[in-house]
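See structure below.
Just so it is clear, none of the values below were taken in a lab; they were calculated from the coordinates. Please read these numbers as outputs of a predicted model, since none were measured by experiment. With ideal geometry, Cβ positions are generated from the backbone for all residues, glycine too; neighbour counts draw on all protein chains shown.
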Amino acid sequence: MSVSPRRALAVIDVQNEYVTGNLLIEYPPVESSLANIGRAMDAAKAAGIPVIVIQHDSPPDAPLFAHGSAYWELHPVVADRSADHRINKRKASIFTGTDLSPWLEDHNIDTLTIVGYMTHNCDASSINHAHHNGLAVEFLSDATGSLPYRNAAGEASAEEIHRVFSTVFHSNFAAVATTDAWIDAVADGKDLPIDNVHLSHQRALETVSA
């Protein structure tokens, strides 16, 4: 007999910096991801799933997330909704330097659902950290997002970054799904399916040889 997952929803860094500031989320479009973040929070609240709101802090003179600035503040989609626990962090992972691990243990959480920003930075770091801590992880691909990069190592569009990270997550670290699929799984008391490295690779080889 299967046991329903004991979920918590982690809402990561949904701050104005990503919407009107210097790190504008491009893919998926930030308007759609914000709407899905709100939907996920509402569904979690209705199902009795604890909601954890995380906010990134930088020094007041920092170029990004300057503490106390308008860009540091939570976006109204999150600020106007209630949370069961709030965390302020200074590193990418929501576990580093915070009380998240003992809080999850105290609340008997075995599955962490990730929404918020950015897919490839704080989300990725937190997903890997949660995975190595023994938690099941879920990543809602339409309630998260990326922006483009260019540096000495190369360049990638927001869509490429989000798609590649999502594919890698689903191969090993987190079950990747839409907000709709997650809401259905919550209603059914079921976990979300995740793939594995071997099958993910084999399918890629089959595509190349076809």
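Miscellaneous remarks
- Close pairs from segment 32-44: first touching a residue at least 12 places away in the same chain (Cβ under 8 Å), partner crowded, with 19+ Cβ neighbours inside 10 Å and among the hydroxyl-bearing types (Ser, Thr, Tyr), Cβ under 6 Å, at least 6 apart: ASN36/THR179; ARG39/THR179; ALA40/THR179
- Single residue of segment 143-153 satisfying the filter (in a strand (DSSP E or B) and over 10 Å from the mean Cα position of the chain (by Cα)) that is farthest from ALA43 (Cα to Cα): ASN151
- Scanning segment 1-34 for residues that are assigned to a helix (DSSP H, G or I), among the small types (Gly, Ala, Ser) and in contact with a Gly (Cβ under 7 Å, 6 or more places away or on another chain) gives a single hit, SER33.
- Any hit, segment 49-61, residues being closer than 28 Å to GLY189 by Cα and hydroxyl-bearing (Ser, Thr, Tyr): no
- Test: residue in segment 105-119 that is outside any loop (DSSP other than H, G, I, E, B) and over 16 Å from the mean Cα position of the chain (by Cα): yes
- Some residue of segment 53-76 being part of a helix (DSSP H, G or I), of a type outside the set (Val, Ile, Thr) and either surrounded by fewer than 16 Cβ atoms within 10 Å (Cβ to Cβ) or touching a residue at least 40 places away in the same chain (Cβ under 8 Å) (or both): yes
- Evaluated against (1) over 15 Å from the mean Cα position of the chain (by Cα); (2) over 24 Å from LEU100 (Cβ atoms), THR178 falls short on exactly one condition, (1).
- ILE37 being in a loop (DSSP other than H, G, I, E, B), in contact with a helix residue (DSSP H, G or I) (Cβ under 7 Å, 6 or more places away or on another chain) and either among the aliphatic types (A, V, I, L, M) or crowded, with 20+ Cβ neighbours inside 10 Å (or both): no
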